[in-house]
Each structure stands twice: as C-alpha cells, then as structure tokens.
Amino acid sequence: MAPQITGRSAADIAASVRALIERGALAPGDALPPVRNLADELGVNRNTAVAAYRQLTQAGMVVTLGRGGTRVADRSPVAQEGFAADSVLRDVATGNPDPELIPNPSRALAGVVGRPVLYGEPVIDPELEAWAMRWMRADLEPSNLRLTVTSGAADAVDRLLAQALVRDDAVALEDPCFLTSIHTVRVNGYRPVPVPVDDEGMTVDGLRAALEQGVRAIVCTPRAQNPTGASLSAERAAALRGVLADYPYVLVIEDDHFSMLSREPFRSLIGPEHQRWALVRSVSKFLGPDMCLAVAASDPDTAERLATRLTPGTTWVSHLLQRLAHSLLTDESVASDIARAAAHYSARNQAFAQRLSAHGVPASAGDGLNLWVALPVPARDVSEQLMRRGWLARTGDEFSLGAVPTDHRLRLTVHDLGDDDAERLAVDIAAAVRTAGGRLVPAELG
C-alpha cells in the first residue's frame with residue numbers, strides 16, 4: 001500500500017511528503033503520484049499540488065524527471081576521482097595525472113611574490129590575463145569575449161550553472177559523464193538530460209532531443225572526454241553547431257580539461273553567433289590538481305554574472321597562485337615538460353591497449369589520462385575478479401546517466417604502470433573475463 005500523503009495547502013502537502021521521506025516510508029527513487037492524481041485524491045486545486053512539489057524540489061527532497069515523473073531524490077554520494085581510501089589493492093581507478101610528470105614549482109615560487117594585493121583590486125592578475133586572452137582567442141570564433149579566473153574547472157562549471165539556472169532546470173550532460181559534472185548537477189538540484197557520446201563526441205540526435213526537452217545549459221567536453229576518451233570530429237562539431245544555431249541563448253559550457261596535453265585539435269560547439277557560452281580550461285592535469293585554477297572565456301553577459309560571484313575581497317583566486325601559474329605557463333622548460341607528459345600518456349595508453357588486444361580483449365586508446373575498455377561480460381563481474389588478483393578498477397556504471405549502456409565497460413588509469421605491472425594487469429583482465437564466463441569477442445561500443 002502506497003504511503004498516504006495528506007494536506008490541504010501546498011505547505012501542508014510538502015510537509016507530509018517530507019515526513020514520509022524522513023520516516024523511511026518513501027525511499028530514494030520512489031515515485032510520487034502525478035500532480036493531477038494527487039490533487040484529485042486530496043480534493044485540492046491542481047496548482048496547489050504543483051506548488052507543493054515545487055517546494056519539495058527547491059528543498060532538494062524530490063527530483064522531476066520529465067516523463068519519468070517526480071521521485072524522491074537520491075542522497076547517496078556520487079563516486080569521485082582520486083585514490084581509494086584505505087585500500088591495499090593496486091589502484092588503477094584514480095583518474096590522476098602522474099606526479100612525476102607534474103612540473104616542480106620550486107624555482108618559480110621565488111619570483112611570484114610582489115606587491116601585496118588589497119581588497120577591491122581587479123580579480124585577475126594582469127600578466128595572466130594577457131597570456132590567457134591569447135590562449136583562448138586562438139580557438140574561439142566569437143570575438144567579443146571576457147575572461148574570468150576560478151578555483152579550477154569544477155568551480156567554474158558550478159558558478160556558470162548557478163548564474164544561469166534555478167533548481168530543477170534541465171541541463172544536458174554527456175552520457176557516460178564526468179563524475180564531477182554528475183556531482184555538480186545533483187548537488188544543485190538541476191535535472192540532468194543525458195546526451196549519448198560515441199567515438200566522435202556528443203551525438204547530433206542526442207543533443208537535438210535534449211534541446212527539444214528544454215535544457216537551459218549544455219556541458220560538453222570537446223576532446224579527451226572523460227571517461228570515453230572521445231574527441232569531437234570536425235564533421236560532428238559542425239553538425240552540433242548547426243543544431244545549436246536555433247538555440248542561441250542556451251548556455252554552452254565547454255570543459256577543455258586536457259587542453260595542453262591533448263593529442264587532438266580543439267573543435268568547438270560555440271559558433272560565432274551563439275549568445276551564451278563559456279570555454280573553461282583548467283591547469284590541473286598538467287600543473288597538478290593542487291593548482292586550483294582555471295580560466296573561463298565567455299560572452300560579456302555571462303562574464304558579468306560570474307563577476308558577481310567572484311567578489312574582490314571574498315572569493316577571488318589568490319594572485320600568488322595566478323602569478324605562479326603564469327610563471328610556469330610561460331617557462332620554456334615547463335612547456336617541454338608538458339609536451340613530454342602528453343607524449344607519455346598517449347604512448348602508455350596505446351601500449352596497454354595493444355597488450356589487452358594481444359591477450360584477447362580488443363581495446364583501443366582514445367585521448368586523455370584513461371582507457372575506456374569494452375568487455376564481453378558485465379564489468380562488475382570482471383572488477384570482482386580483479387580485486388581477487390590485487391587490482392582496484394572502476395566500472396562504467398559509475399559514469400552512467402542511463403541513456404547509454406556502460407555495464408560492460410571498465411575505465412582504467414594505467415599510464416603510471418611499468419611494463420611488468422602493465423603486462424600483469426592485462427593478463428589478469430583477460431583471466432577475469434574468462435572466469436566471468438565471457439567469450440573474448442569485441443563488445444558493442446557504448
């Protein structure tokens with residue numbers, strides 16, 4: 001028997017649902033009655049039921065899933081990148097860059113201390129701004145752009161969505177999706193609309209369907225998509241821009257997280273006439289995750305809205321950090337280090353994909369830090385077998401929004417494995433597949 005919702009006013013109905021959730025009578029994922037049905041059952045106006053559900057949505061208690069109805073929100077944490085705590089297993093699920101390939105900032109640190117920055121001064125260091133403007137203009141068609149510096153890419157995406165959306169607004173996300181994007185959308189109460197990703201990036205039909213559902217923002221990775229490693233082809237990027245031409249005021253956020261390390265050219269969804277857009281580039285993959293700094297180039301209106309969330313004296317990014325980033329980014333020896341790191345990641349991923357293929361598990365390397373491996377058997381079964389062999393891997397379902405099957409995928413971070421360990425992991429994956437009962441044939445790409 002379904003839990004009984006009571007009340008005559010919107011506030012009373014919302015309080016009744018909240019109490020049912022707190023008592024456990026309604027669990028995460030449980031469906032609430034359709035608005036019309038609830039209004040009829042309680043003998044209230046339909047608008048009263050709508051208002052009650054809106055209050056619950058704004059409080060983060062329920063989520064609206066379009067045709068999926070209104071359901072109790074899932075409060076379970078989203079998986080995060082990084083080392084697994086307290087694990088004795090060899091962790092090949094981290095998504096981390098190789099610490100030995102992160103440039104040493106010691107020499108640059110001595111030169112970044114200068115005149116103190118006081119309250120009310122510009123939030124962007126002038127030298128970094130000039131360098132970043134050249135970096136961004138080289139890849140953007142819109143000529144009228146402004147820069148914002150944030151505390152990393154996740155901070156930029158969070159602030160960009162917050163200045164444009166309210167809770168329960170729809171956001172188009174790639175599927176499978178970067179874990180941080182899933183977390184950001186869930187925490188802020190936005191409604192994710194999955195757009196399938198194939199080996200050329202976001203699909204045209206998927207983006208068109210999302211726009212027809214009324215998404216107000218799109219978060220896209222133009223290259224080195226995490227977890228798949230896909231990058232936009234020239235043809236796909238042009239087709240997506242064609243679809244977006246009819247939606248110039250939908251906010252397009254491009255997260256070019258792998259920028260300086262990418263082996264692929266940058267291809268953008270942002271056309272010259274698009275009105276609401278932002279290109280975000282973080283330094284974390286090549287200068288280190290602790291360098292919490294990203295540059296966002298955007299249209300002037302979006303930049304102005306962002307500026308209200310980065311007030312001088314409260315939430316600006318440290319000028320010492322900005323000067324350090326500029327010093328490293330303009331150092332020729334650091335540029336050489338970054339180029340060597342890019343070659344290393346590409347070569348190690350390619351080599352491991354070849355090892356897997358040689359052992360009967362067909363694999364190919366995309367762009368980025370990780371490998372996205374198709375399996376002929378459920379990834380959970382393979383993951384469990386790998387744990388028995390001393391490995392901790394990440395299964396594809398952690399990245400899923402539900403539109404694309406990912407239950408036969410592993411995402412592996414293998415670039416820091418030596419040859420012996422890489423060979424042992426490849427052998428163990430092949431053995432795990434056999435033990436799980438699969439035939440070593442190519443799995444359908446997801």
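The values are calculated or read from the model by the stated rules, or taken from the named source; none is laboratory data. Predicted, not measured: the structure shown is a model, and the values here were computed from it. Quick reminder, even Gly has a Cβ in these numbers, built from the backbone with ideal geometry, and neighbours come from all protein chains shown. Surface accessibility is based on the protein's heavy atoms, side chains included, excluding ligands, DNA and RNA. Shrake-Rupley method; radii C 1.70, N 1.55, O 1.52, S 1.80 Å.
Summary table
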{"quantity": "In region 340-378, the residues that are farther than 19 Å from ARG409 by Cβ and not polar (S, T, N, Q)", "calculated": "ARG340, ALA341, ALA342, ALA343, HIS344, TYR345, ALA347, ARG348, ALA351, ALA358"}
{"quantity": "Which numbered condition ALA85 fails, given (1) open to solvent by less than 90 Å² (accessible area, probe 1.4 Å); (2) out of contact with any Pro (no Cβ under 8 Å at 6 or more places or on another chain); (3) modelled with pLDDT of 80 or more", "calculated": "(3)"}
{"quantity": "Flag if LEU140 is among the aliphatic types (A, V, I, L, M), within 27 Å of VAL193 (Cβ to Cβ) and out of contact with any Gly (no Cβ under 8 Å at 6 or more places or on another chain)", "calculated": "yes"}
{"quantity": "Residue list for region 158-183, restricted to those being open to solvent by 10 Å² or more (accessible area, probe 1.4 Å), within 19 Å of THR302 (Cα to Cα) and of a type in the set (Val, Ile, Thr)", "calculated": "VAL166"}
{"quantity": "The listed residue being touching a Pro at 6+ places or on another chain (Cβ under 7 Å), open to solvent by less than 60 Å² (accessible area, probe 1.4 Å) and at pLDDT 90 or above, out of GLY418, GLY438, GLY446, GLY396", "calculated": "GLY396"}
{"quantity": "Scope region 208-243; condition basic (Lys, Arg), surrounded by fewer than 23 Cβ atoms within 10 Å (Cβ to Cβ) and not in a helix (DSSP H, G or I); matching residues", "calculated": "ARG216"}
{"quantity": "ARG424, sole failed condition from (1) free of Cβ contacts under 8 Å to residues at least 24 places away in the same chain; (2) closer than 26 Å to PRO196 by Cβ", "calculated": "(2)"}
{"quantity": "Total residues in region 108-157, condition β-branched (Val, Ile, Thr) and exposed (fewer than 13 other Cβ atoms within 10 Å of the Cβ)", "calculated": "1"}
